[in-house]
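Written below as structure tokens is the structure these notes are about.
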Amino acid sequence: ATHKLLLLPGDGIGPEVMGEVKRLIDWLNASGIAKFETDTGLVGGAAFDAHKVSISEGDMAKAKDADAVIFGAVGGPKWDAVPYEVRPEAGLLRLRKDLALFANLRPAVCYPALADASSLKREAIEGLDIVIVRELTGGVYFGEPKTITDLGNGQKRAIDTQVYDTYEIERIGRVAFELAKKRKNKVTSMEKRNVMKSGVLWNEVMTQVHKREYPDVTLEHQLADSGGMMLVKWPKQFDVIVTDNLFGDMLSDIAAMLTGSLGMLPSASLGEVDVKSKKRKALYEPVHGSAPDIAGQGLANPIAMISSFGMALRYSFDMGALADKLDQAIAAVLASGLRTADIKSEGTKAASTTQMGEAILKE
Ligand code: NAI
Ligand code: MG
């Protein structure tokens, strides 16, 4: 089957790191290993410069039609003063909203060659391979009421509201359990049922989904605060962590820093499975931004972008074996000592974006 990809390189280092994914796709096509049909669109500052929008309706339509969207990064000082509705980030938010991407997957993987770059001891981090599944479209970031009221006595009151419905917890739970089935068969659900009603419901629904649909997967419950502590102390005890929007935001950033550079971290955002086509909408992007400080110089580390494409192979196209090979190639290149500037040690020579991409492809 032919897989349809929409590439949205964006701004800054986005096009540079996307170039290395394109190199990989072209090679996969040429060698007959896979068949990808790629189209390229504009997002962020690039779309603003061309059409005065953050993403055009034409490119939105292409995104909806694609089997997966591969996204680079958006933003930069050039667009700091553009109107709020068409600022670069608006393009990414629009994609997340219109594709209804409710599940955000952030792996934290420690490549052995980089274990000493972590803030943790080598034995705590070497071989780490966990995924945080964060609910992305509900919870306290979107719940109503969301207000600041003047109380009139020199005091103001701020209100944010955490709202979760059963179906929202069920669907994010299913993503986590499905993922666990392809991994070590274990899910840890994190909430704060001791102080939050949403935590009580989260716990109850996860337990039901588990009992009803995934009895063969191990489910553990952990309070989110002590879960954070355990994540920093001995992260290898986890495999798949599933949690709400707010806790997931914090826990995934913490997990990211266990493994080193921003230039290494991929992510996937998944939508609902379409009943007819059995496919789900998905967007794959590196965690980092457009890095204006190093853009245009060939210095960017392409690994986060390449690994994001690896996640697309795994989660959108069921090519897990190929994704494994890609991960192994990245590990081997790092083990050989080749490093971009962000991950190299002092006194050694840095590889360029292109050299890193070519080495991974060769491997
Ligand atoms: P950033 O992630 O772009 O950069 C932070 C630091 O990490 C910089 O020193 C940068 O050089 C370095 N870095 C990032 N990716 C790297 C890579 N692949 N290789 C080597 N070094 C790398 O975050 P920052 O500086 O806060 O934001 C810059 C711009 O990017 C802003 O306009 C921001 O709004 C936007 N941004 C966009 C995101 C997205 O498109 N999803 C996410 C985060 C920020
Ligand atoms: Mg965050």
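General observations
- When Ala255 is tested against the conditions (1) in contact with a strand residue (DSSP E or B) (Cβ under 9 Å, 6 or more places away or on another chain); (2) small (Gly, Ala, Ser); (3) within 16 Å of ligand 1 (Cβ to nearest atom), the lone failure is (3).
- Selection within region 262-306 - crowded, with 19+ Cβ neighbours inside 10 Å and of a type in the set (S, T, N, Q): Ser267, Ser269, Ser290, Asn301
- Taking region 217-312 and the strands (runs of 3 or more DSSP E) fully enclosed by it, the elements with 1 or more residues that are of a type in the set (Gly, Ala, Ser) and within 16 Å of ligand 2 (Cβ to nearest atom) are at 266-273.
- The residues of region 313-352 that are in contact with a strand residue (DSSP E or B) (Cβ under 7 Å, 6 or more places away or on another chain) and either in a helix (DSSP H, G or I) or under 26 Å from Lys278 (Cβ atoms) (or both), listed by number, are Tyr315, Ser316, Phe317.
- Strands (runs of 3 or more DSSP E) fully within region 1-119 counting 2 or more residues that are at pLDDT below 95: 103-109
- Check on Leu101, in the same structural domain as Ser336 (by TED's automatic domain parsing), within 16 Å of ligand 2 (Cβ to nearest atom) and free of Cβ contacts under 8 Å to residues at least 12 places away in the same chain: no
- Test: residue in region 270-284 that is in contact with a helix residue (DSSP H, G or I) (Cβ under 8 Å, 6 or more places away or on another chain), over 29 Å from Ala335 (Cα atoms) and acidic (Asp, Glu): yes
- On inspection, Ser198 fails the criterion of being within 16 Å of ligand 1 (Cβ to nearest atom), hydroxyl-bearing (Ser, Thr, Tyr) and closer than 22 Å to Phe102 by Cα.
- Residue in region 134-147 that is surrounded by 12 or more Cβ atoms within 10 Å (Cβ to Cβ), within 16 Å of ligand 2 (Cβ to nearest atom) and assigned to a strand (DSSP E or B) present: yes
- Scan of region 1-27 for residues that are of a type in the set (Val, Ile, Thr) and either buried (at least 24 other Cβ atoms within 10 Å of the Cβ) or within 16 Å of ligand 2 (Cβ to nearest atom) (or both), ordered by number: Ile13, Val17, Val21
- Test: residue in region 323-331 that is in contact (Cβ under 8 Å) with a residue 24 or more places away in the chain, within 15 Å of ligand 1 (Cβ to nearest atom) and among the hydrophobic types (A, V, I, L, M, F, W, C): yes
- Ala66 small (Gly, Ala, Ser), crowded, with 23+ Cβ neighbours inside 10 Å and farther than 28 Å from Leu361 by Cβ: no
- Any hit, region 161-183, residues being over 26 Å from Ala268 (Cβ atoms) and surrounded by fewer than 18 Cβ atoms within 10 Å (Cβ to Cβ): yes
The values are calculated or read from the model by the stated rules, or taken from the named source; none is laboratory data. Everything numeric here is computed off the predicted structure, so don't read it as measured data. Positions of Cβ are generated from backbone atoms using ideal geometry, with glycine treated the same way; all protein chains shown enter the neighbour counts.
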